[in-house]
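Student: Below is one structure. I have some questions about it.
The values are calculated or read from the model by the stated rules, or taken from the named source; none is laboratory data. This structure is a prediction, so every number in the text was calculated from the model and none was measured. Positions of Cβ are generated from backbone atoms using ideal geometry, with glycine treated the same way; all protein chains shown enter the neighbour counts.
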Ligand code: PGA
């Protein structure tokens, strides 16, 4: 793991965003795995701004996203698909035909197999972006007894529901989601994690300094050969 500590979330957005811009310019048909949540937003802003300034094009880029809620339409304002459209895709020239997403309303087993085959057909994910939950989850892989492999249907924990229900003002927050599994995340050639704020400090410490255990799903990143961790000072506080 390579760990980089920045002053704040904005500085991380600039550094991680520039890394993406450089990578896309060098590899215009790359395959990127994206994440939702607050952590990647400054990075998406930087990429979108770079596109606006003519410094990068996402026309040839293919994308997969980590997870999607079950039991809400893809077009719902709180779906992760909508989040990605609003925060990145609609602000760039990405070809939506190259955007793939887990379908939270599909049969979970069939959807898992479809997603795995789609990722394989693109040659795998070059860079997977991740956040970390306060409980050490990555994507929606919550603390548990084993590391999962391919995409699967997860029952969200109370900690995750508490953290995310602030975004649901019209319908109750879904209790289930489809998520890429730990195996599918670990098969990405490079991983970039962004963690900001003091609420992530304990999870970050467990991820980096603790044992590799499904009780802290992010700890598996210790075994990835190319994992770059961007932290702000608050998230790095316990290291
Ligand atoms: P956040 O979520 O970026 O909104 O903090 C990260 C996560 O829960 O994985």
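Student: All but one of (1) more than 16 Å from the ligand (Cβ to nearest atom); (2) in contact with a strand residue (DSSP E or B) (Cβ under 8 Å, 6 or more places away or on another chain); (3) closer than 29 Å to residue 162 by Cα; (4) not in a loop (DSSP other than H, G, I, E, B) hold for residue 19; state the number of the condition that does not hold.
Tutor: Here residue 19 clears every test but (3).
Student: Residue check: is residue 150 under 16 Å from the mean Cα position of the chain (by Cα), within 13 Å of residue 181 (Cα to Cα) and modelled with pLDDT under 95?
Tutor: Numbers: under 16 Å from the mean Cα position of the chain (by Cα): yes; within 13 Å of residue 181 (Cα to Cα): yes; modelled with pLDDT under 95: no.
When the stated conditions are applied, residue 150 does not pass them.
Student: For residue 37, all conditions in the list (1) within 16 Å of the ligand (Cβ to nearest atom); (2) modelled with pLDDT of 95 or more hold save one; what is the number of the exception?
Tutor: Exception for residue 37: condition (2).
Student: Restricting segment 116-145 to residues that are in a loop (DSSP other than H, G, I, E, B) and more than 26 Å from residue 43 (Cα to Cα), which is farthest from the ligand (Cβ to nearest atom)? Walk me through how you get there before you give the answer.
Tutor: If we filter segment 116-145 for residues that are in a loop (DSSP other than H, G, I, E, B), which is where we start, we get 122-126, 131-137, 139-140, 142-145.
Filter once more, so that each one left must be more than 26 Å from residue 43 (Cα to Cα): 143-145.
Values: 143: 12, 144: 15, 145: 20 Å.
The residue in question is 145.
Student: If you check every pair at least six apart or on different chains, which have Cβ atoms under 7 Å apart with a residue in segment 103-114 that is over 14 Å from residue 71 (Cα atoms) first and a residue that is buried (at least 16 other Cβ atoms within 10 Å of the Cβ) second?
Tutor: 111/102; 111/103; 111/151; 111/178; 112/150; 112/151; 112/152
Student: Answer yes or no: is there a residue in segment 125-148 that is touching a strand residue (DSSP E or B) at 6+ places or on another chain (Cβ under 7 Å), surrounded by fewer than 19 Cβ atoms within 10 Å (Cβ to Cβ) and more than 25 Å from residue 230 (Cα to Cα).
Tutor: No.
Student: Separate question: Filter segment 98-115 down to residues that are assigned to a helix (DSSP H, G or I) and under 20 Å from the mean Cα position of the chain (by Cα) and give me whichever is surrounded by the fewest Cβ atoms within 10 Å (Cβ to Cβ). Spell out how you get there, then give the answer.
Tutor: So in segment 98-115, the residues assigned to a helix (DSSP H, G or I) come out as 98, 108-115.
Now narrow it down to the ones that are under 20 Å from the mean Cα position of the chain (by Cα): 98, 108, 111-115.
Details: 98: 17, 108: 17, 111: 19, 112: 22, 113: 13, 114: 16, 115: 23.
Across segment 98-115, the extreme among qualifying residues is 113.
Student: Among the listed residues 169, 162, 149, identify the single one that is more than 13 Å from residue 220 (Cα to Cα) and part of a loop (DSSP other than H, G, I, E, B).
Tutor: Criteria check complete, one pass: 169.
Student: Among the residues of segment 151-166 satisfying the criterion of being closer than 23 Å to residue 116 by Cβ, without any contact (Cβ under 8 Å) to a residue 60 or more places away in the chain and more than 13 Å from the ligand (Cβ to nearest atom), which is surrounded by the fewest Cβ atoms within 10 Å (Cβ to Cβ)?
Tutor: It comes out as 155.
Student: Can you tell which of 82, 148 is over 19 Å from residue 38 (Cα atoms), without any contact (Cβ under 8 Å) to a residue 40 or more places away in the chain and within 16 Å of the ligand (Cβ to nearest atom)? Write out each step before concluding.
Tutor: Details: 82 fails: over 19 Å from residue 38 (Cα atoms).
Of 82, 148, the one residue that is over 19 Å from residue 38 (Cα atoms), without any contact (Cβ under 8 Å) to a residue 40 or more places away in the chain and within 16 Å of the ligand (Cβ to nearest atom) is 148.
Student: Considering only segment 203-238, how many residues are within 17 Å of the chain's Cα centre (by Cα) and crowded, with 17+ Cβ neighbours inside 10 Å?
Tutor: 15
Student: State the number of residues belonging to segment 16-26 that are over 17 Å from the mean Cα position of the chain (by Cα) and surrounded by 14 or more Cβ atoms within 10 Å (Cβ to Cβ). Spell out the reasoning first.
Tutor: Restricting attention to segment 16-26, the residues satisfying the condition of being over 17 Å from the mean Cα position of the chain (by Cα) are 18, 21-26.
From what is left, the residues that are surrounded by 14 or more Cβ atoms within 10 Å (Cβ to Cβ) are 18, 21, 23-24.
The number of residues fulfilling the criteria is 4.
Student: Select from segment 186-202 the residues that are more than 20 Å from residue 41 (Cα to Cα) and under 16 Å from the mean Cα position of the chain (by Cα) and write down the one among them that is surrounded by the fewest Cβ atoms within 10 Å (Cβ to Cβ).
Tutor: Within segment 186-202, the first condition is being more than 20 Å from residue 41 (Cα to Cα), and the residues that meet it are 186-189, 202.
Then keep just the ones that are under 16 Å from the mean Cα position of the chain (by Cα); that gives 186-189.
Numbers: 186: 19, 187: 18, 188: 24, 189: 15.
Filtering segment 186-202 for residues that are more than 20 Å from residue 41 (Cα to Cα) and under 16 Å from the mean Cα position of the chain (by Cα), the one surrounded by the fewest Cβ atoms within 10 Å (Cβ to Cβ) comes out as 189.
Student: I would also like to ask the following. So is residue 169 within 15 Å of the ligand (Cβ to nearest atom), free of Cβ contacts under 8 Å to residues at least 24 places away in the same chain and surrounded by fewer than 19 Cβ atoms within 10 Å (Cβ to Cβ) or not?
Tutor: Values: within 15 Å of the ligand (Cβ to nearest atom): no; free of Cβ contacts under 8 Å to residues at least 24 places away in the same chain: yes; surrounded by fewer than 19 Cβ atoms within 10 Å (Cβ to Cβ): yes.
Taking the combined requirement at face value, the residue does not satisfy it.
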